[in-house]
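Some notes on the structure that comes next.
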Amino acid sequence: MPPHDPTIKLAEITAAAKRLGPPVRLTPLEPSSSLAAELGQAVWLKLECWQCTGSFKLRGAMNAVAQLSPAPRARGVVGVSTGNHGRALAYAARHYGSSAVVCLSSLVPPHKVTAITDLGAQVIVAGESQEAADACAVELIAEQGRTMLPPFDHRAIIAGQGTIGLEILAQVRALATTVDCVVVPVSGGGLAAGLAVALKSQQPGLQVIGVGAEQGCAMYHSQRAGRPVDIEERATLADALVGGIGADNRYTFALVRDWVDQIVLVSDEQIRTAIRHAYHHARLIVEGSGAVGIAALLAGKIPACGKTVIVVSGANIDMTAHQHLINGD
Ligand SMILES: *Cc1c(COP(=O)(O)O)cnc(C)c1O
């Protein structure tokens, strides 16, 4: 076996971009005058909250399932998810005539579980942590010969998420302008890693700033420790940002270390403010995890390093909860 190579090449991301077409959308890059006024720099929002399935996760899932040969495709896939990867995987499996089983922890909100089963995938709720969900997936691989498509630590998944970076550069070019800084949510780091490789391979001076939830950002603490560490998982409004990065992390720990400039953390209160800001100023419905970039900017945690793009990664918030949040109760 060749030695494990944790690097991801720009060519893998451009190949993913060629592979992905509809139903994966080229999402809009929208200027935000309210956030520009806060930062004193031009700010755009990259609207992955308008991606099909309600989050960017469809990019990685489609890129991975598309590359399965007929036999493994027929046996089906299995994934562990905080909800959005499961939904994306269910969508991709259905699109390519495969089948999906998604193992979840009980921290995943019910509306995200329903969205997965509505797409014809099977859901197994296994315990109260991502680790328990991992164990469930390992069993299904052994029993049913399913292919594991993890939410972040996988070449095709990282490359798929990286296509957002290619789009951002093309979109700012089309506006006859430039971008200096890209702000991106971080959990397992697949999104941040793919995005940073796509952007900085082409523009090395660009800053990529990750944003995690104070309630539990394993990647932040792992980078500080210099190795993957486990942290306690606590419920947060950013429900898609919980979970460890895996003690045997193969790609994202090294990629985030090598390509992401800095990770900052935001509180649930700051996330709440950001969800309200997105709604009132940009008429956007954004889930907690999707709002952390806006939260970091509003909380003054983003260094003013020039023209800034904030990746708004998802929209999948329970609508009743969103309504309460907007009403301030
Ligand atoms: C999964 C997810 C993230 C984090 O992505 P990672 O690749 O795990 O870092 C951020 N926002 C949303 C909406 C997500 O679903």
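Computed from label points 7 Å out along Cα-Cβ, the spacing between Thr178 and Ala235 is 4.7 nm. In the context of the full set of protein chains, the range 89-144 has a per residue accessible area of 46 Å² (1.4 Å probe). In the elastic network of the chain, a GNM with C-alpha springs shorter than 10 Å, the most mobile of Leu39, Leu206, Leu175 is Leu175.
May I ask you to derive the FRET efficiency for Thr117 and Glu143 from their Cβ-Cβ distance with R0 = 22 Å, giving the value to the nearest 0.05? Before the final figure, lay out each step's value.
Working: r = 20 Å, r/R0 = 0.93.
So the FRET efficiency works out to roughly 0.60.
For a 4.7 Å threshold on C-beta separation, the list of partnerless cysteines in the chain reads Cys49, Cys52, Cys217. Normalised per residue, the accessible area of the range 3-76 is 44 Å², obtained with a 1.4 Å probe and no contribution from ligands, DNA or RNA. Tell me, what is the 1.4 Å probe accessible area of Glu269, in Å² to the nearest 10? For Glu269, solvent-accessible area is about 100 Å².
Roughly how many debye, to the nearest 20, is the charge dipole of the chain about its Cα centre, given +1 on each Lys and Arg Cβ, -1 on each Asp and Glu Cβ, and no other charges? Before the final figure, lay out each step's value.
Values: 26 positive and 27 negative charges, 227 e Å.
Dipole magnitude for the chain comes out near 1080 debye.
Per atom type, the range 87-160 shows carbon and sulfur on 54% of its accessible surface, probed at 1.4 Å.
What part of the accessible area of the range 224-283, given as a whole %, is carbon or sulfur when the probe is 1.4 angstrom? Don't jump to the answer; show the numbers that get you there.
Values: 1390 of 3200 Å².
Of all accessible area on the range 224-283, carbon and sulfur atoms account for 44 percent.
When the Cα positions of Val264, Leu284, Ala247 are compared along the charge dipole of the range 244-287, Leu284 comes out farthest toward the positive end, with charges on each C-beta of Lys, Arg, Asp and Glu. Where the centroid of each part is defined by its Cα atoms, how far is the range 72-146 from the range 1-61 in Å? Cα centroid of the range 72-146 versus Cα centroid of the range 1-61: 23 Å apart. With helices as the sole contributors, the chain gives -13500 deg cm²/dmol at 222 nm; each DSSP H run of n ≥ 4 counts as -39500 (n - 2.57), and the sum is divided by every residue. Summarising the overall dimensions of the chain from its C-alpha atoms, the Rg and Dmax are 18.2, 57 angstrom. For the residues Ala16, Ala192, Ala71, a GNM of the chain with alpha-carbon springs under 10 Å puts the largest fluctuation on Ala71.
Between Ala142, Ala159, Ala235, the GNM of the chain built on Cα springs shorter than 10 angstrom shows Ala142 fluctuating the most. Sequence gap of 8 or more, or different chains, plus Cα separation below 26 Å: how many lysine pairs satisfy both in the chain? For the chain, the number of qualifying lysine pairs is 19.
Per residue, the solvent-accessible area of the range 277-329 (1.4 Å probe, heavy atoms of protein chains only, all protein chains present) comes to 38 Å². The stretch between Ala135 and Ser33, if pulled fully straight at 0.36 nm per residue, gains 32.1 nm over its current Cα-Cα span.
The values are calculated or read from the model by the stated rules, or taken from the named source; none is laboratory data. Quantities reported herein were computed from a predicted structural model and do not represent experimental measurements. No Cβ is skipped: glycine too gets one built from the backbone with ideal geometry, and neighbour counts run over all protein chains shown. Just so you know, the surface numbers come from the protein's heavy atoms only, side chains and all, with ligands and any DNA or RNA stripped out. Shrake-Rupley method; radii C 1.70, N 1.55, O 1.52, S 1.80 Å.
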